[in-house]
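Before any comments, here is the structure.
Where a number appears in this text, it was derived from the coordinates with a stated rule and is not lab data. Since we're looking at a predicted model, the values are computed, not measured. As a convention, Cβ positions derive from the backbone with ideal geometry for all residues, glycine included, and neighbour counts pool all protein chains shown.
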Amino acid sequence: MTTQATARHSAFAVAVYEWLNPLPYGFFTAALIFDIIYACNAEILWVQGASWLIAIGLILAIIPRLINLVQVWVGVSWPQTSAVKLHFWLNLFAIVLAIVNAFVHSRDAYAVVPQGVVLSAIVVTLLSIANILLAVGTRAK
């Protein structure tokens with residue numbers, strides 16, 4: 001008699017993933033709004049707030065990606081659809097761009113405006129596309 005051990009994902013890991021996954025989107029969206037406000041009125045407070053929001057968003061974005069990396073690419077039981085994998089890659093690319101954006105925001109406030117706003121907009125767009133594709137991909141099942 002042989003028994004097959006099936007790999008299951010941890011309920012704790014799923015709970016942490018579902019809890020932390022939407023938070024970076026909010027932080028990066030708030031940073032985009034702060035960048036736009038700074039571009040309109042040149043008050044340095046807004047660009048400093050945006051840099052803090054990007055830094056906190058990056059810290060909160062890495063933990064769900066590590067959980068997603070283990071469960072989608074290493075684990076066997078997580079649904080490995082193309083929408084889930086595309087969600088992972090778009091989020092990972094957005095994190096890389098957010099890291100570049102954090103370096104841009106570490107410069108002088110007056111040097112942030114054109115490049116920081118564009119990078120913030122691209123990061124928010126990538127995260128939006130990733131979430132929409134995941135929602136459509138899981139609903140199509």
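With θ taken as phi - 60° and the Karplus curve 6.51 cos²θ - 1.76 cosθ + 1.60 applied, the whole-hertz 3J(HN,Hα) list for segment 50-58 is 5, 5, 5, 5, 5, 4, 5, x, 5 Hz, x standing for glycine and proline. Rounded to the nearest whole Hz, the Karplus-based 3J(HN,Hα) values (6.51 cos²θ - 1.76 cosθ + 1.60, θ = phi - 60°) of segment 82-95 follow the sequence 5, 5, 5, 5, 5, 4, 4, 5, 5, 5, 5, 5, 5, 5, with x at glycine and proline.
What is the fewest-to-most order of Ile63, Ile54 by other Cβ atoms lying within 10 Å of their Cβ?
Ranked by crowding around the Cβ, least crowded first: Ile63, Ile54.
Spin-label pair Ser106-Phe12: with each label point 7 Å from Cα along the Cα-Cβ axis, the two points sit 3.3 nm from one another. May I ask you to derive the FRET efficiency for Val118 and Ile62 from their Cβ-Cβ distance with R0 = 25 Å, giving the value to the nearest 0.05? It comes out at approximately 0.65. The helix-only estimate of mean residue ellipticity at 222 nm for the chain, built from DSSP H runs of length n ≥ 4 each weighted as -39500 (n - 2.57), is -26000 deg cm²/dmol after division by the residue total. In terms of Cα atoms, the Rg and Dmax of the chain work out to 17.8, 74 Å.
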